[in-house]
Amino acid sequence: MKKLMIFLTAALISFCLRGGKPASFPGHINPTQIVVTGDHLYIVELPTVSIYSLKDFKLKKKFGKKGEGPKEFKVFNNYSVGFDIDVQAERLLVNSVGKLSIFSKNGEYTREINVASANSFRFFGDKFIGFQNVTEGKTSFS
């Protein structure tokens with residue numbers, strides 16, 4: 001069901017932005033996150049990030065692979081838990097397990113920070129805020 005919803009979201013975005021003309025995003029089988037901001041469309045599919053131009057829906061950049069080195073992302077047993085992006089005016093933060101990778105909005109690698117905890121980070125000015133989900137009984141807290 002999640003795959004279908006993400007596919008339908010991407011199809012609806014492309015249909016609306018292209019004036020009723022559908023666009024395709026070949027090679028995406030199981031996207032986990034879609035972000036539209038400014039003149040870019042970001043599609044996250046473990047462990048890669050694809051950046052498309054909203055003007056013509058052409059792929060501008062695709063990056064990421066499993067690993068622990070620079071430009072590589074730590075993943076948890078092939079699940080998207082803890083793997084997502086936060087897009088800001090001029091930067092892109094990629095959250096992966098125990099690691100924050102910072103890129104320009106166009107996908108150029110800047111730096112990375114190893115972290116001990118938190119499931120997800122977001123920019124807060126020039127700093128970061130970490131979020132972690134905790135489950136107690138049948139109740140989850142963020």
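Please go through segment 98-120 and give me each residue that is part of a strand (DSSP E or B) and either open to solvent by 70 Å² or more (accessible area, probe 1.4 Å) or at pLDDT below 70 (or both), ordered by number. Give the derivation first.
Pass one, segment 98-120, residues part of a strand (DSSP E or B): 99-104, 109-114, 120.
Of everything in segment 98-120, those that are part of a strand (DSSP E or B) and either open to solvent by 70 Å² or more (accessible area, probe 1.4 Å) or at pLDDT below 70 (or both) turn out to be 109, 110, 111, 114.
Do you know which residues across segment 18-59 are open to solvent by 90 Å² or more (accessible area, probe 1.4 Å), at pLDDT below 90 and hydrophobic (A, V, I, L, M, F, W, C)? Scanning segment 18-59 gives a single hit, 29. For segment 68-88, indicate whether the set of residues that are open to solvent by less than 20 Å² (accessible area, probe 1.4 Å), among the polar types (S, T, N, Q), under 14 Å from the mean Cα position of the chain (by Cα) and at pLDDT 80 or above is non-empty. Within segment 68-88 (the criterion being open to solvent by less than 20 Å² (accessible area, probe 1.4 Å), among the polar types (S, T, N, Q), under 14 Å from the mean Cα position of the chain (by Cα) and at pLDDT 80 or above), the answer is no, since none of the residues qualifies.
Beta carbons closer than 6 Å, at least 6 apart along the sequence or on distinct chains, pair a first residue in segment 40-59 that is on the phi > 0 side of the Ramachandran plot with a second that is part of a loop (DSSP other than H, G, I, E, B) and buried (at least 17 other Cβ atoms within 10 Å of the Cβ) for 57/23.
The values are calculated or read from the model by the stated rules, or taken from the named source; none is laboratory data. All values derive from a computational prediction rather than experimental measurement. Here the Cβ is made from the backbone with ideal geometry for all residues, glycine too, and neighbour counts use every protein chain on show. Each accessible area value is taken on the protein alone, full model and side chains, heavy atoms only, with ligands, DNA and RNA left out. Shrake-Rupley method; radii C 1.70, N 1.55, O 1.52, S 1.80 Å.
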